[in-house]
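Working notes for the structure below.
No lab work stands behind these numbers, since they all come straight from the coordinates. Note that the coordinates shown come from a computational prediction; the quantities given were computed from them, not determined experimentally. With ideal geometry, Cβ positions are generated from the backbone for all residues, glycine too; neighbour counts draw on all protein chains shown.
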């Protein structure tokens, strides 16, 4: 019963021992390479664009809500100059 566990333990122990020796012999690689890899990955993270529109995130592409909203916006245009009411806006920012 303990043979399977001790075999795994010995194998892991030997593998980590050799990894430690490799790191001790070449410490520069294990310091410089992760820093350069982190800097390279940060360039993509800076260009990440967030989408916070709940209608885009949670409604289907051809859902009924979007078609109904298009009909309402087509027939009932919002007049922003005369007697403007914030409650009449069907889509903020548009």
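Here is the figure for the range 67-84: residues that are in a loop (DSSP other than H, G, I, E, B) and in contact with a helix residue (DSSP H, G or I) (Cβ under 9 Å, 6 or more places away or on another chain) total 3.
What are the residues in the range 43-66 that are in a helix (DSSP H, G or I) and loosely packed, with under 10 Cβ neighbours inside 10 Å, if any? Correct list: 43, 44, 45, 46, 54, 57, 58, 64.
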